[in-house]
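Worksheet: the structure to be examined is printed underneath.
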Amino acid sequence: MPLSLFLLTANFALAVTCDSNLDGKSDQELQAISVQCDADLVELNKQFDSTKQNSSALEKGIADLNYNIAKIKLQIKAKDAKIKQLGENIVVKTQYIGELSDRMEAIKKSIANMIRDSYAMDSSTFIDVFLSSGNLSDFFIDTDNYSTINEKLRELTQELLGIKKTSETEKKALETKQTQESKLKYEQEQAKKTNEGYKAEQQTLLSITKNKEAEYQKMIAQKEALKNQIRNKLYRTAGGEEISFGDALKIIQPYESTIGVNSALTLAVLFQESAIDNTIGKNIGRCTYNQPSSCIAGKTVMSEAQKPYYLDIMSSIGLNPETSPVSCAICRDGNYGGAMGPAQFMPQTWSSIIKRISNIIGVSYPSPFENKAAFTASAVLLKDNQDRCKTAFTKKNDIWACAASKYYGGLSLAGSKLTNYMYYGYGSSVLKRALQFEKDIETLSL
């Protein structure tokens, strides 16, 4: 490669970005920008999906933390109730133990009085006590009652001591339980604080991730908007009237399965055939059929063999054959022109498939200058070409390039000339555009 060409190519590659200004760009530059936008979109979508996954994971983590915090709050509330209940039970036990202490204190006083009385009685002579009694029976009754009461007091004292000891043991158990519950409550409060701390961290991360997600969405939307601008600039079509790429697709796509040809290939051929300034159908020819040929002296633009078919077609559709535009001859590719309409059909070829077109679109006599008929005819001819190409090729790209080459060079195109068309000429150009159109159609169908 010459150095100047290498530098030109390198500079062109460096200059092409998805953010490039579209004004004044050539078809090749616009195509390169579109490809770069596709690459940028793939990468942005990867980053967006990754960020979205991170957001989902963070949101799930926060939901789990919220659940744990709510659960711990309930547990803490339950502990508060338990601790309060234990506290109330401790108060009751304390009061009961106090009452027992009071009762025991009263008993102690009673016993002390009895001991004092007993001591006084012991210090007196038996005869003195006996003589002081009114009668003998009263003396023995008092003595028995005193002994009985004294014994009962002793028994009651022992019983109260036992009850008090049990109550104090129970109180201590309640206090121990209260301490344990308070410790568990403290641990749960700490766990709650920890979870709340994790939640705050996760929410901060989620906020950052959501911001990134929004940024990626904004960037993707900008790239898509730019792609739409490119699509509208690249793929405006005309064939009597100008229509958008999406409308052109609507014309041919309904017949795609019926005919058996991918719409992307059909539109790519139409673009190749009659586009000027990126508008399909704008170049439907600048010559008339009977004007002198620039390739062969003494001959006309249209060959004599094609003229009868042409005149018959023009008569059927009501157009003036003398003024209707047809393609001029391209001397390097052949000696004659005369192709008609946006699909650039030669009259004889059109006549050979007109019945098939009529059956497909439901028009009595389709016109090669009308979009629906022209687009459908292109697909029908490409279907015939594909069937022939499939006998020699198996890969889609080869079949598409072969079918496009035969569309331009004729069904008899073969050998090295077919190879040149397929890989270096017309077929190669159509294939590249068809593959891009295929992506654009997928985008439009999303």
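Derivation of every value follows stated rules applied to the coordinates shown; laboratory data play no part. Just so you know, these numbers come straight off a predicted model, no measurement behind them. Methodologically, a virtual Cβ is constructed for each residue, glycine included, from the backbone with ideal geometry; neighbour enumeration extends over all protein chains shown.
Restricting the stretch 359-446 to trypsin sites (Lys or Arg not before Pro) that sit in a DSSP loop and have at most 16 other Cβ atoms within 10 Å of their own Cβ leaves 390, 395.
On the basis of the beta-carbon distance and an R0 of 60 Å, residue 348 and residue 217 show a calculated FRET efficiency of 0.65.
Arranged from fewest to most other beta-carbon atoms within 10 Å of their beta carbon, 382, 413 become 413, 382.
For residue 396 and residue 42, FRET efficiency with R0 = 22 Å and r from the beta-carbon atoms, rounded to 0.05? Can you show the working numbers first?
Working: r = 21 Å, r/R0 = 0.97.
Taking R0 as 22 Å, the efficiency between residue 42 and residue 396 is 0.55.
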